[in-house]
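Student: One structure is given below, represented as structure tokens, and several questions about it will come after.
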Amino acid sequence: GNEGADTIEAGSKLKSDEETKVEIDPENFNIDDVGEFTIRVGVNSGDGNQYLKILDNHTGYLKDRGINLETTEFAAGINTIDAITTDQLDVGLFADYAGVNRIGNTLADTQLRAFATIRKSNAYNLYVNPDTIKEPKDLEGHTAISMAGVVFEYDYGKLFETYDIDKSKVELVNVSSTQEAIALAATNGADSYWVNDQIAPKFEEVGWKPLVNISDVDATMYTFLVANNSYLEEHKAEVAKFLKVSDEAFDYIDENLDEFAGWVQADIGLDKDLVIRGWKEATHNYTFPQDAYEDLLKVEDWCYKNGNFPTEYDFTDYINTDALALVSPDEVTWQAK
Amino acid sequence: MSNNTKIKIEHISKKYDVENKALLFTKGNSAHDNFVGHETDFVLKDVNLEIKEGEFHIFLGASGCGKTTLLNIVAGFLNKTEGSVKLDDKEISGPGSERGVVFQNADSAIFPWLTVQKNVEYGLRMRGVKKEERKKIALDAIELVGLKGHEHKYPDELSGGMKQRVQIARSIAANPEVLIMDEPFGALDAQTRRTLQDELINIWKKTGKTILFVTHDIAEAVYLGENISIFSVAPDASIVDKITVPYKYPRDVNDQRVGEFIKYTTEQLENAIRASKAKHEGLQKAENEEEAVENEVAEANSVAV
Amino acid sequence: MSNNTKIKIEHISKKYDVENKALLFTKGNSAHDNFVGHETDFVLKDVNLEIKEGEFHIFLGASGCGKTTLLNIVAGFLNKTEGSVKLDDKEISGPGSERGVVFQNADSAIFPWLTVQKNVEYGLRMRGVKKEERKKIALDAIELVGLKGHEHKYPDELSGGMKQRVQIARSIAANPEVLIMDEPFGALDAQTRRTLQDELINIWKKTGKTILFVTHDIAEAVYLGENISIFSVAPDASIVDKITVPYKYPRDVNDQRVGEFIKYTTEQLENAIRASKAKHEGLQKAENEEEAVENEVAEANSVAV
Amino acid sequence: MKNITRKIIKSGIISWAVLFVIWGIVSLFYAESFFPSPVETFVGFKEIVLNGKLWEDISISVQRVLLGWSRALLIGIPVGLLIGRFRIVNWFIEPFINFFRFVPAIGFLTLFLMWFGVGEESKLILITYASIFPIIINTIAGVNTINPVKYQAAESLGANRFQSFITVTVPGAVPSILTGARLGLSTAIISIVGAEMLAANSGLGYLVYTSRLYYRTDWIFVGIVTLGVLGFFADKFLRFVAKKSLKHYGVTG
Amino acid sequence: MKNITRKIIKSGIISWAVLFVIWGIVSLFYAESFFPSPVETFVGFKEIVLNGKLWEDISISVQRVLLGWSRALLIGIPVGLLIGRFRIVNWFIEPFINFFRFVPAIGFLTLFLMWFGVGEESKLILITYASIFPIIINTIAGVNTINPVKYQAAESLGANRFQSFITVTVPGAVPSILTGARLGLSTAIISIVGAEMLAANSGLGYLVYTSRLYYRTDWIFVGIVTLGVLGFFADKFLRFVAKKSLKHYGVTG
Ligand SMILES: Nc1ncnc2c1ncn2[C@@H]1O[C@H](COP(=O)(O)OP(=O)(O)OP(=O)(O)O)[C@@H](O)[C@H]1O
Ligand SMILES: Nc1ncnc2c1ncn2[C@@H]1O[C@H](COP(=O)(O)OP(=O)(O)OP(=O)(O)O)[C@@H](O)[C@H]1O
Ligand SMILES: O=C([O-])O
Ligand SMILES: [Mg+2]
Ligand SMILES: [Mg+2]
């Protein structure tokens, strides 16, 4: 369960007193006391941490505050996990479904801990080709686009349950990027795809229409930051500072969104309008509320029942919010069931 | 030998286009370096010759003098720079099945993926001759060159001499009017060479074909030819002498008269080379060249050990 | 020629291991098919021979009789099946620099990536001789074979005869006690061949090396050799006759006495072949073989056209 | 006795045994999901053999490879022959060959999907694209090794340009075409992973590519081993058949 | 006049012009994000040239390719020489070569990432892995074409086994090694996309692979064209240098 942040020890990052263990708790913790450090973060193409890096490149926002942010870009969040388990990265991220699966399949030797919720989103709609799909049931006999191993598998699962669709009658096609899904939509190669608000215009351009929201099928998506437990224990102060500064940086982006979106477009080529749209579709601050916790349990339950992994487990054991509690005690509101 | 002119070579000159060297198909032997650096010269200059129908005609000359070049022009593989070559009064402009060619290197000329019989049938097949007739003609030609019993073998199962026989049979079967042969026995050992020379004379007698035969072996020239054209040396080589061999077939190289005729031919060749060298480098130097000329002739004469 | 025995061959027999055929380095010429199918027979059987120090010794025999095989055993490239070969009383067990080898095909034997001089220096370099000394020895050897002025050329800039000279110089420079030569002039034209034969005699006179020279050319054997070993034919070939050539160097093949000696040698070779054929197939068949034997001898004799 | 030892060594069994031992030892130091041992791989293997998944993957991938490769042969051989034989074709087409052979097939992933759809077509085209280059290049090389004397011979025997193409160029290039076909097959097998990254639901490439998303490193190993074994034997088979049937074309295996 | 026409055709300019026209026409039928026209591609090109991104991508990818390829040469050539020369090495190692050459590099993507980290190492190893096979295989073939008489000659001139390896095997295999190096370079360039698919922040492969995540098909095209052009000229350069400097080794280019 929640182990109580105030009893945890963590090594100070100041080189001078590396040997001595200092007790830290929310009362006496001050991020200004944390020395300069490097944090290696695996980012997802176009996610908040990649944006942090872009902001840092243009303004030195993190660097000026003593955080040397190193990012490595992966096509999907889940790809960051292997790098964390092999100690090549400190922090990565996963969506609820991906994380639950990963941990469920490597129970025996996993060190992974979710330590903050980066985002809760209902900004995904099932976009369909209106010529072929008028209602969810019409998917039977048609082609649905998914991505292997990512949260869309869960979203479709919930969709099929909700609308009593015979999944054996739906042809699922796996793509490896949304670009491919757009291509399929444009060429009438498929009939449905889970589209987030950021990219929705591209699908609307080719005539697709939203049909079902993920909240309609009870699949609201939570995304989490993840790290090895040992890292969280040994670098609690640094992680805390990282979370705090990130929160502030997100606020900065909010205030300077237009200029920032320009930087993004220049750096990675993502269209400025899409950047703004994508940014606005979600909130940006680190929390760990009860609903996020319960979402994980729910997804775990669903995955186990669908045979994604052999043994049932309790996700409670794979959460460590001590660092978050140091800087934002009010945001850590989950209680173990 | 009838009296009709079969091949008429008039004022032929040839200059190689060095840029296209790699594209040309002629591949002389490696001793041709003497001509390197003179690429803009004429190799052949104003060559004139008439060959009668049914004649056995020899081109004799030192290595690199242009025999193969002239032969390739007659065969239609090379373009002439100047002059005209006519077969039966028709200008030659490319290869044609009325002129069969036997190449020096049988290995590169016959088709290793075809059996002996299929190789020999090749020309007939190209002309659309029916299978049964093709087979009959091919078997006759195979018998003529003494390969009976080997019809279904592949070239890699044959000796060098047998491969050369396949090539000859292949040409014969296509029934050309003229047979063009470029040192066809040059790569064979002495014994096989002797046998094939005799066979060639027999085939010539039986078929009455016009034969144009290149050699730089004086004894071979005298043993085989009715008439011998003697070449001067390149650049500006041409046919400077024509000798008629006055003996009936079969000839015997060990016969003293034949031996003396070989000597005579040798002298004629020497004269031709000496004269053209003198022309190239000025008369005053001619005497110093005496030795060099003898060397070239000796090279052209593979009789002695 | 001193009286010390240089090479002693005793009871040598050789059977090829067919399974390892592909692994063996000997590559005979393409006429060897007569032996196909008898792979388990002995090629050589009980060969005995002594060669004196400084001797010019010839192996003469029909194609495929096993001359190259025996030479390769002496060179150390092939293992013998039975018997012993000694050099200066020491058993030969592999190649060694005291036995220099000149191969028939210069193209495959010399190193195309090295200049003439580097090729000739090769053996010295392997032995760690210093650069300056190496150069001196190499230049001497190059001069000896008449290649002065060509030191810095690469093999692809040389004619066939020049390449063979490079090979000889390379062997000479390494200063072996015995020079083993397998038809070294077989692929050259008549003129070049004659020149190199004379040069070889000169080199032999100057250096006093023991030379073991393979040929199937009877005139060449008589022209070059002090002693000629005559081989019977495979299977179970061996040296059946030894002839000493009674003429001083330089010899003249056009000399009548030499001509007669060539005839005599030819007869001896014929007898050897006939006898071994008879042994192989029973005496009663021997007469039908008369013709075949003559053919084989003729093939071994490349003098006649 | 010595012969048996030699045979065993030659068969490669020892090398494989050594590899297995090394694999086993290395895997001792790592977790299964990081570096599965031979035994763990075998367990994973049994799992997908028993539920029939592996057979399905193999059969679908083999079909794709064979189809894509056959098309590459069907296009590549004639193109190579024409380029090799006719200078004008060479001048026009060779620049493309020497450009596109440096452009990776996975660069075209999205494009092929857009142009040719989610079905088999786009996958086959990707395989064909990847494997056509060694086929074309070797075919050209084969044509270039044909001795020009053969064309002269054909033409003086009455063959026209088309006939000499069919009767000299084609058979003369056979040994190199075969080399090209073998290399093309190896490229086709290699490119199956790329092809099955593209909207696939099964196949060995799909197995290798998606197993990591399901944290099944053992299945990645199963996929890798299967691809290697299939390729190994396909190549052996191709060489054997060619050696037997194309001996007189100069194919030595 | 005729000569100028011929030169123009030979230079390949016409083929490229034709290709551009076809590209332009086809692109008329598609939106930019599916099939950008030459002009749109050029605009995208200008964009990343001007902000320096393309130069960075090119320089990092060229570095990776050269490093990975150099390593493949450093390992592949000696291995090939040893396999070719010594039967015992052949028997032990050849089976692996003939197995792994059918196992695609991207099959190892995740594994290399796990084993060798997210840094340069895993990318270099992937490139080395992909490009080492043509190098080894061609080197072996080169050794096999050396006439055994050369070894006999070397040995009777006093060379020991090691000396004959250095002075005969190595120079004798040079032409085939060069062919292997050229094919290896092409494979190295091709595999850059695979290498930069995972865990890269720049490079041409990254550009090609991740541009689709940002829906920039024009940049995919820029990446593809750049790879093709780089490969084209690298190969030309390699051939030229080799032809000039290795003439006597039998390299004809
Ligand atoms: N394709 C070519 N390009 C340029 N020069 C050539 C070409 N072929 C031959 N030559 C030159 O033309 C001259 C005549 O060559 P040709 O092959 O006709 O001589 P040849 O009399 O047949 O000699 P051989 O008896 O050695 O065959 C030589 O000096 C040669 O170097
Ligand atoms: N590696 C081999 N494996 C099996 N048999 C061989 C091998 N080499 C040669 N032979 C056979 O041994 C016999 C003798 O061959 P060898 O090459 O010694 O003959 P040769 O006298 O040198 O002939 P030539 O004068 O033609 O060179 C031949 O019948 C040949 O077929
Ligand atoms: O990879 C995901 O984080 O879904
Ligand atoms: Mg000629
Ligand atoms: Mg021999």
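Where a number appears in this text, it was derived from the coordinates with a stated rule and is not lab data. Since the structure is predicted, the reported quantities are computational estimates derived from the model, not experimental observations. Neighbour counts are summed over all protein chains in view; Cβ atoms, including those assigned to glycine, are modelled from backbone coordinates with ideal geometry.
Student: Show me, bin by bin at 5 Å from 0, the whole-percent P(r) of the stretch E:38-249 based on Cα pairs.
Tutor: That works out to 1, 7, 13, 16, 15, 13, 11, 8, 6, 4, 2, 1, 1, 0, in percent per bin.
Student: May I pose another question? Arrange A:Asp251, E:Asp218 by Cβ neighbour counts within 10 Å, fewest through most, would you?
Tutor: Placing the least packed residue first, the sequence is A:Asp251, E:Asp218.
Student: Okay, moving on. Pairing the Cα long axis of helix A:257-268 with the longest principal axis of chain A, what angle in degrees results, from 0 to 90 and rounded to the nearest 10?
Tutor: 80 degrees
Student: What's the long-distance tail for the stretch E:36-145, i.e. % of Cα pairs beyond 18 Å? Intermediate results must be reported in sequence, preceding the final value.
Tutor: Details: 3692 of 5995 pairs.
Value for the stretch E:36-145: 62 percent of Cα pairs lie more than 18 Å apart.
Student: Defining the label point at 7 Å along Cα→Cβ, can you sort the distances from E:Ile8 to the same site in each other copy, shortest first, in nm?
Tutor: 7.2
Student: Under a point-charge model restricted to the Cβ atoms of Lys and Arg (+1) and Asp and Glu (-1), what is the dipole moment magnitude of the stretch D:38-249 relative to its Cα centre, in debye to the nearest 20?
Tutor: The calculated dipole for the stretch D:38-249 is roughly 700 debye.
Student: Do me a favour and compute the ellipsoid semi-axes for the stretch E:123-189 from its Cα gyration tensor, root of five times each eigenvalue, largest one first, whole Å.
Tutor: With the √(5λ) rule applied to the stretch E:123-189, the semi-axes are 30, 11, 7 Å.
Student: Please compute the average number of Cβ atoms from other chains found within 10 Å of each residue's Cβ in peptide E:143-152.
Tutor: Taking all residues of E:143-152 together, the mean is 5.
Student: Quick one: net charge of D:Val18's neighbours, Cβ under 15 Å, K/R +1, D/E -1?
Tutor: Values: positive: D:Lys10; negative: E:Glu94.
Net of charged neighbours comes to 0.
Student: Which of rounded, prolate, oblate describes the protein assembly as shown, given a ≥ b ≥ c as roots of the alpha-carbon gyration tensor eigenvalues and a/c under 1.5 marking rounded, otherwise prolate only if a/b is larger than b/c?
Tutor: In terms of gyration-tensor shape, prolate.
Student: Can you give the local net charge around B:Phe261? Use residues other than it whose beta-carbon is closer than 12 angstrom to its beta-carbon, Lys and Arg +1, Asp and Glu -1.
Tutor: Net local charge, B:Phe261 excluded: -1.
Student: Just D:Val79, D:Val43, D:Val26 to compare: in a GNM of chain D, with alpha carbon springs under 10 Å, which one fluctuates most?
Tutor: The residue with the greatest mean-square fluctuation here is D:Val26.
Student: Here's another thing I want to ask about it. Taking the beta-carbon count within 10 Å as an exposure proxy, list D:Leu213, B:Leu212, E:Leu19 from fewest neighbours to most. Intermediate results must be reported in sequence, preceding the final value.
Tutor: Numbers: D:Leu213 20, B:Leu212 26, E:Leu19 15.
In order of increasing Cβ crowding within 10 Å: E:Leu19, D:Leu213, B:Leu212.
Student: Provide the per-residue ³J(HN,Hα) series for the stretch B:158-171, in order, calculated from phi with Karplus coefficients 6.51, -1.76, 1.60 and θ = phi - 60°, each as a whole number of Hz, with x at glycine and proline positions.
Tutor: Values, residue by residue: 10, 7, x, x, 5, 5, 5, 5, 4, 4, 5, 4, 4, 5 Hz.
Student: Right, here's the next one. Over the residues of the stretch A:218-337, compute the C-alpha Rg and express it relative to 2.2 N^0.38 Å.
Tutor: It is 1.28.
Student: Inter-copy label distances at B:Gln256, 7 Å along the Cα→beta-carbon direction, one decimal in nm, shortest first?
Tutor: Nearest first, the other copies' label points are 1.2 nm away.
Student: What is the mean number of Cβ atoms from other protein chains located within 10 Å of the Cβ atom of each residue in peptide E:15-21, rounded to a whole number?
Tutor: 2
Student: All other residues with a Cβ under 10 Å from the Cβ of E:Ala159 taken together, and with Lys, Arg as +1 and Asp, Glu as -1, what is their net charge?
Tutor: So the surrounding residues net to +2.
Student: May I pose another question? Which is farthest toward the positive dipole end of the protein assembly as shown among E:Gly158, A:Thr187, D:Pro104, measuring Cα position about the Cα centre, with Cβ charges +1 (Lys, Arg) and -1 (Asp, Glu)?
Tutor: The one lying farthest along the dipole's positive direction is E:Gly158.
Student: Percent relative contact order of the stretch C:85-206, based on C-alpha pairs within less than 8 angstrom and at least six residues apart?
Tutor: It rounds to 38 percent for the stretch C:85-206.
Student: Something else: Once you have a ≥ b ≥ c as the square roots of the Cα gyration tensor eigenvalues for the stretch D:119-162, tell me rounded if a/c is under 1.5, and otherwise prolate or oblate according to whether a/b is larger than b/c. Write down the numbers at each step before the final one.
Tutor: Values: a/c = 8.96, a/b = 2.77, b/c = 3.23.
Judged from the Cα gyration tensor, the stretch D:119-162 comes out oblate (a/c at least 1.5, b/c at or above a/b).
Student: In chain A, how does Rg compare with the Kirkwood Rh, expressed as the Rg/Rh ratio over alpha carbon atoms? Each step should come with its number before you reach the end.
Tutor: Details: Rg = 20.6 Å, Rh = 20.9 Å.
In chain A, Rg relative to Rh is 0.98.
Student: Per the helix-only calculation at 222 nm, which mean residue ellipticity applies to chain A, given -39500 (n - 2.57) for every DSSP H run of n ≥ 4 and division by its residues, nearest 500 deg cm²/dmol?
Tutor: That comes out to -11000 deg cm²/dmol.
Student: Using DSSP, restrict attention to beta bridges with both residues in the protein assembly as shown and report what percent are antiparallel, rounded to the nearest 5.
Tutor: 55 percent
Student: The stretch D:173-232 to the stretch E:1-52: how many Å between their Cα centroids?
Tutor: 33 Å
Student: Over all alpha-carbon pairs of the stretch A:145-265, lay out the pair-distance distribution in 10 Å bins, whole %, shortest bin first.
Tutor: Bin by bin from 0 Å, the calculated values are 10, 28, 28, 23, 10, 0.
Student: Something else about it: Could you work out the helix-only [θ] at 222 nm for chain E, with each DSSP H run of four or more residues adding -39,500 (n - 2.57) and the total divided by the number of residues, to the nearest 500 deg cm²/dmol?
Tutor: Using -39500 (n - 2.57) per qualifying helix, the result is -24500 deg cm²/dmol.
Student: So, one more: Starting with the highest mean, order B:151-158, A:195-202, B:232-239 by the number of other Cβ atoms within 10 Å, averaged over the residues of each peptide.
Tutor: B:232-239, A:195-202, B:151-158
Student: Going by the alpha-carbon gyration tensor, a ≥ b ≥ c the square roots of its eigenvalues, is the stretch B:95-171 rounded (a/c under 1.5) or, if a/c is not under 1.5, prolate (a/b greater than b/c) versus oblate? Each step should come with its number before you reach the end.
Tutor: Details: a/c = 1.65, a/b = 1.17, b/c = 1.41.
Here the stretch B:95-171 falls in the oblate category.
Student: Over 19 Å between C-alpha atoms is what I'm after, so list which of B:Lys153/C:Lys15; D:Lys150/D:Lys243; C:Lys15/C:Lys90; A:Lys134/A:Lys167; B:Lys52/B:Lys90; A:Lys63/E:Lys123 land there.
Tutor: In this structure, B:Lys153/C:Lys15; D:Lys150/D:Lys243; C:Lys15/C:Lys90; A:Lys63/E:Lys123 lie more than 19 Å apart at Cα.
Student: Please give the helix D:53-85 orientation as an angle from the longest Cα principal axis of chain D, in degrees from 0 to 90, rounded to the nearest 10.
Tutor: 20 degrees
Student: For E:Pro38, place a label point 7 Å out from Cα along the Cα→Cβ vector, do the same in each other copy, and report the separations in nm, one decimal, smallest first.
Tutor: List, nearest first: 5.8 nm.
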